[in-house]
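All remarks here apply to the structure that follows.
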Amino acid sequence: MNEESRREQAPSDHAAQALPEYAERVLDVAELIPPGRVMTYGDVAEWLEEGGPRQVGRVMALYGGGVPWWRVVRSDGVLLPGHELRALERYREEGTPLRQASRAAQGHLPKLDMRRARWDGGDVGSGGGGHGDGAS
């Protein structure tokens, strides 16, 4: 997806601004993640060899609407608060590995099975620097 398309998906107060270079790079990584797989915010930062989980999370919150945002996740596998049902629908469509929630879990929402769903970027011919340490 090009920068102009991403800006159309971004919140209106940011749409008039040029997409920051770091944000563009984060969004590029999000687009590389195959359906049914995920990377954590920290994995994306490690892949880019720049920033950290909070910076990646900020980019996704501000500009991530035009990319597969549901594939960039928390390291504990908890679904993104406020977007759980939308993300869950995508995970089920893509066959992303999930773990059933315990009956004690609030809302009984499943979590991502991070051991099986986490993608390390190994299938990409050329990418950023580090490729995370998640299981394939």
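At a glance:
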{"quantity": "By accessible area with a 1.4 Å probe, ligands and nucleic acids excluded, highest first: order of MET39, MET60", "calculated": "MET60, MET39"}
{"quantity": "Per residue Cα convex hull volume in Å³ - calculated over the stretch 21-74", "calculated": "64 Å³"}
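The values are calculated or read from the model by the stated rules, or taken from the named source; none is laboratory data. Quantities reported herein were computed from a predicted structural model and do not represent experimental measurements. Heads up: the accessible areas ignore ligands, DNA and RNA and are worked out on the full protein's heavy atoms, side chains in. Shrake-Rupley method; radii C 1.70, N 1.55, O 1.52, S 1.80 Å.
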